[in-house]
1. Can you bin segment 344-502 into rounded, prolate or oblate? Criterion: square roots of the alpha carbon gyration tensor eigenvalues sorted a ≥ b ≥ c, rounded for a/c under 1.5, prolate for a/b above b/c, oblate for the rest.
2. Sticking with the crude label model, points 7 Å out along Cα→Cβ, report the distance from Thr544 to Arg507 in nm, one decimal please.
3. Quick one: net charge around Glu114, please, counting Lys, Arg +1 and Asp, Glu -1 for every other residue with C-beta under 12 Å from its C-beta.
4. Using the heavy atoms of the protein chains alone and a 1.4 angstrom probe, what is the accessible area of segment 190-312 per residue in square angstrom?
5. Sequence neighbours fewer than 8 away in the same chain don't count; with that in mind, list the lysines whose C-alpha is under 26 Å from Lys610.
6. Alpha carbons only, please: Rg and Dmax for the chain, in angstrom.
7. Using the Cα centre of the chain as origin and beta-carbon charges of +1 (Lys, Arg) and -1 (Asp, Glu), tell me which of Phe12, Val186, Leu552 is placed farthest towards the positive end of the dipole.
8. Quick check: from the Cα gyration tensor, does segment 60-217 come out rounded (a/c under 1.5), prolate or oblate?
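The values are calculated or read from the model by the stated rules, or taken from the named source; none is laboratory data. These numbers were taken from a predicted model, which means no experiment stands behind them. Neighbour counts run over all protein chains shown; Cβ positions are idealised from the backbone, glycine included. SASA here: full protein model, heavy atoms, side chains in, ligands and nucleic acids out. Shrake-Rupley method; radii C 1.70, N 1.55, O 1.52, S 1.80 Å.
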Amino acid sequence: MKGSSGELRNLFAGALEDHVRSVALARFDASGSRLASRLRGLYGHCREFDGWLGDLLQGIAGCVNLRPDELRDLDEQRPADWFMSSDMLAYSAYVDRFASGLKGVVEKIPYLCELGVGYLHLLPFHRARAGESDGGFAVSDYEETDPTLGTTGDLELLTAHLRSAGISLCADFVLNHTADDHRWAVAARSGDRLRREFYHVLEDRAEVERYEESLGEVFPQTAPGNFTRVGELDAWVWTTFYPYQWDLNWSNPDVFAAMALTLLRNANRGIEVFRLDSVPFLWKRIGTRCVNQPEVHEILRALRTIVALAAPSVLLKAEAIVAADELPAYFGTAADDGRECHLAYHNVLMAASWAALALQRGDIVAEVVRKAPAVPNPGAWLNYVRCHDDIGWGVLAAGATSRMSVDLDRVSRFFCGDEPGSYARGRAFQTEPAHRVHGTCGMTSALAGLESATVAGDRQQLELAIRRLLLLYGVALCIPGIPLIYMGDEVALGNSTLTDPSPEQTRDSRWLHRPRMDWQWAAARHDPVSPQGRVFAGLQRMITVRRETPALAPSSPIDVVPAARPELLAMRRGGTMVCVFNFSEGAIEGGPELDVGGWKDVLTGRIVGKPWSIGPLEMRWLVPR
Ligand code: OTU
């Protein structure tokens, strides 16, 4: 029967080369029929579905055939939970800001090794749109590197070097939209019907308005609305982000197939982790916000199965900046082959940590940790303090901290330096003054007060700023998952000081925290009295302790220990170890509910007193003696 599982298996087998057949068929037997039924659920109603599915399976087989030996070895050797080790540490950087192109990154590998990095996220390096490109998030060719950064050969060389240094490369897979100069968009504009169907092209203005009624806005100031009028199409194109980022139409099976095979071809170039950019937006449904739709999860489950079939050592990471109750779904479930992403950004924790810092209230983080459900194993949060985007406050508005009130307006003003007593030097992101808080931009060090303390020559404030930075990274390193360092934070690099910003950089305040790495500044990282030296040593110490402490392993359990004082955050890891963080600028006497007097602080090696106390913005990682 056409489309029967036997026939699909034969098709797949027939397209495989001898050297891969038995291994690939065993994988197919484990999950092929579920893949087929998922895809049937998504696209079964489409014209010539069976033929489409057969072609897709043959395309997947083609990628299996071409997978380089070295990567096939990884596929076979890596245990399913390979990324869940205590020495897994992530680092994120723009290629051109961290080094001079992809080749330049090779030269920086020793620096990454010094930190203990095992996972390097390089922000988009595929061919970007000519002109403005949203920092590379408007991709015009997924199969080619951007010529300003290097060649595909340079990329393959880089992945090989990284692999031999024990570092996995993570790349963005910008799957929600292409640039408006991608060949599909160009073809659509010149009248190609099939390519037009790759996008959401709406001819009827009333329909556009009906969608807009329930949609949000990601860039309300620089890109208001969700549709862009395109003259050549005589229609509106769905553009969730900038007008030059055209949302792909994932209800079209040809989009699914093209993107899935693109992912596999990139995996064959040595990319080991894919950051699935803006993944919540993939499916549109009238009358909704068009995020987190059930079909998005179905697509993720299908992609996960395809990866398991053709490149099982590869990881998927959800970039889903959504509210706390929508976020865990991106891991999927362990039941019925329902897995989705291996990793997801713990964005709620990130935003909560900053709010806690501004308000000097550790209980805000405690509440988020208490509510976060366990992640299916293997699976891990990516715990971060900053990234190349803004700190979005919206995720906290939606019930993450429902048991307490968090004044997000005040928090966001605080980080712009607009509240009395604020030490922060950030900028608002897309905030409409009278309406609502959106996000905050700025490097960690500037938000933590290093810039203002340095300008004022205030040594006491400088000390507190360093503590704040380390405190937030301490939280990220203590929470189960993989900690992520954003480029420059390890040496307290400040905000960008561009003397000649482009119009894009002026308009979009995220460029404030996308500075060039200052290698001269970083060179002082071994000077123990410099701020960069203090921060680097503090981070290194925590990274080492984390690596050597089984209780801090990614899969070791966590629970919140109630603290009498709202300033404190206390978490138990692995049943015994207790990590205490003081978010206030005053010293605190420990109460009897936290019975850690006489325990050993593994960060300093010292025994804490009985009764114990904790200094301003200090942390203690305690084990019983
Ligand atoms: C991502 O972020 C990228 O990280 C951004 O740098 C891009 O501009 C954007 O996609 C478009 O490619 O809105 O403020 O969860 O919050 O995907 C950042 C959805 C963003 C969004 C997130 C997006």
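1. Verdict is prolate for segment 344-502.
2. Distance between the two pseudo-spin positions: 4.8 nm.
3. On the way: positive: Lys108, Arg525; negative: Glu490.
So the surrounding residues net to +1.
4. Values: 4220 Å² over 123 residues.
It amounts to 34 Å² per residue over segment 190-312.
5. Within the straight-line cut-off, Lys610 pairs with Lys600.
6. Cα-based Rg and Dmax for the chain come out at 24.5, 79 Å.
7. Leu552
8. Values: a/c = 1.97, a/b = 1.87, b/c = 1.05.
Prolate.
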